[in-house]
Amino acid sequence: MSQDYVKKKYDPVVPGGINEWPVVALSRNRQEFVEEVATESIKRIKAQAPTREALIEEIETTVFREKLRIKRNPWAVDPEDDQAFLNTVKDRLLDISLSDNDAEKDERLDSILNDMVLRYSDEIAGNFKKSRYRMARSIVTFGFARLLNASRARGFWSIFSTQYTLQDKINITGEVDNLRLLAKKGTIVMVPTHFSNLDSILIGWVINVLGLPAFIYGAGLNLFNIKIISYFLNSLGAYKVDRRKKNMLYLETLKSYSSLAIQRGCHSLFFPGGTRSRSGKIESRLKLGLLSTAIEAQRVNYQKGKRDAREKIFVVPVTLNYNFVLEAPSLIKQYLRLQGQERYYVENDEYSTSYKITAFLLKFFTKGSDISVSIGKAMDVLGNYVDENGQSYDQKGRTIDTQEYFTADGRIISQNDQREVEYTRMLSERIVEEYLKINKVFASHLVAYTAFIILKKRFKKLDLYNLLRLPEEDLIIPYEEFKASFKSVLAKVHKMYGEGKLSVSPHLAGDTDGIIKHGLKNVGMYHAKRPLIRNRAGDITTQDLNVLFYYHNRLTGYNLEKYV
């Protein structure tokens, strides 16, 4: 089980300092690495489109989709010359069709492909700078701590106090010591859950406070629309992932970037859910693209004869646990629109400006709500647990040599795409299992879950969309009825905690009324319309059933419904 939270000062894992970090070496030779990524990507693309005709068709498809993206979903962060570049590519393709010389056609086609992939590679590549990293780290640590002291210790002068730190606000629990040990022995691929645009900054702070070297990030390109977040992400070594781009050229370039960086020993972080959880649920199905690059990098390292622990890759699941998510109202609307299509109407309500993000941070630090970051057990790229020395063990506790999983005829390490697809699927399932185990149940999650299930059972003939349209007078739950159900679910949660099936917040201890009070105070505390409150009569009700549904979803997957 996860270790109890202890506020602690961690020494740097790499004693030589920032100059010894792999990400620094990568950024120092950024242009060389961008070109290496482009070269590797072109090899991948040509393997999938081996003929001239297939490659032309792939490029034409890319141009069409990119023009559609620019027209339908432009972002401020997009290059200003996108349209002009695509028009040039279209003209160059036309020139190829007019040529009668095959050698000339191939040369021109290679030139177009190189230009497109090099452009993608440069867009994706991070831009880590030591000086900006130190500054960003200082701003986060100093600025947020000042806000925290101002809110916890009243009075103007408290802003200069050092009584409270971010570790009083953000509790880091779980396999911390094991993570630090493994970061010295091999390459870490950290895979957190994803609920908020603040996740990237939060996990960056966690990496820093644990004394780990900077990780390369796979951060959504949309975050770079928001100036304050863009500054921190650029400073912390993020590489950009554009989820709008679904064409093969871009996806292969993205995978090449991730794989080559991991092969170079850069600790890596990406959100395997692909995007923020729209429903509020813990991710149950992961995107396999970037995840597969960890497996590929491990195989390539073995092919290069790198067998010692420093070349082994360790996958570490992490769950981020919030009492409230800034974007919850707009995220759940997007989810309901996607699931219900014409049955649900959505308004545009996204937090997408620096002002709104700053306002949220101010609001967050003047509230008493905490965040918990749970570090899971490290695994190899096949999903087997590893010990502090990096040795892998199967489910029966027997030692495993992971290199054997990449060999043919017991001798030759080989590339087998079908095999690695299956390994990626296996790894994704193990990550999801670990998410459920290390997910920390807050009182706020539990009150939301209990209330929504009571209403769902009360109106069991209604589908979800009709349930969400219920009038206010039907949304009142007598307190004693609520308390009885809550107590039953709470008992089951504690039993599951004892069995190692989930983790729990310290606030789930004590008398039931006190736990309920704490949960009601914290659930969705930032939102103008609270998902759960007690009315004047003392009964439980909601001001926003959609958002209540969102917070309830955090505990789906544990089969708790029958205990309500």
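No lab work stands behind these numbers, since they all come straight from the coordinates. On a predicted model such as this, the values are computed, not experimentally measured, just so you know. Methodologically, a virtual Cβ is constructed for each residue, glycine included, from the backbone with ideal geometry; neighbour enumeration extends over all protein chains shown.
Brief remarks follow.
- Shape call, segment 22-124: gyration tensor on alpha carbons, a/c limit 1.5: oblate
- Rounded to the nearest 500, the helix-only mean residue ellipticity at 222 nm of the chain stands at -16000 deg cm²/dmol, with each DSSP H run of n ≥ 4 adding -39,500 (n - 2.57).
- The trypsin sites (Lys or Arg not before Pro) found in segment 220-257 that occupy coil by DSSP, while having at most 12 further C-beta atoms within 10 Å, are 243, 246.
- With at most 12 neighbouring Cβ atoms within 10 Å, loop GluC sites (Glu not before Pro) (DSSP) excluded, longest segment of the chain: 81-346
- Among the lysines of segment 22-124, pairs that are 8 or more positions apart or on different chains and have alpha carbons within less than 21 Å of each other number 6.
- Beta bridge orientation in the chain: antiparallel %, DSSP, nearest 5: 40
- Span-like helix check, the chain: qualifying full DSSP H segments, with Cα axial length of 20 Å or more and mean Kyte-Doolittle of -1.0 or more, are 30-48, 52-72, 82-98, 102-124, 130-152, 248-263, 289-303, 417-438, 443-458, 479-498.
- Residue 401/residue 14 FRET efficiency (R0 35 Å; Cβ-Cβ; nearest 0.05): 0.80
- Reach of residue 440 by Cα under 15 Å, taken over aspartates and glutamates that are not fewer than 8 positions away in the same chain: 4, 175, 283, 370, 499
- Set 437/460; 396/495; 240/306; 240/377; 483/517 screened for pairs whose C-alpha atoms are more than 18 Å apart: 437/460; 396/495; 240/306; 240/377
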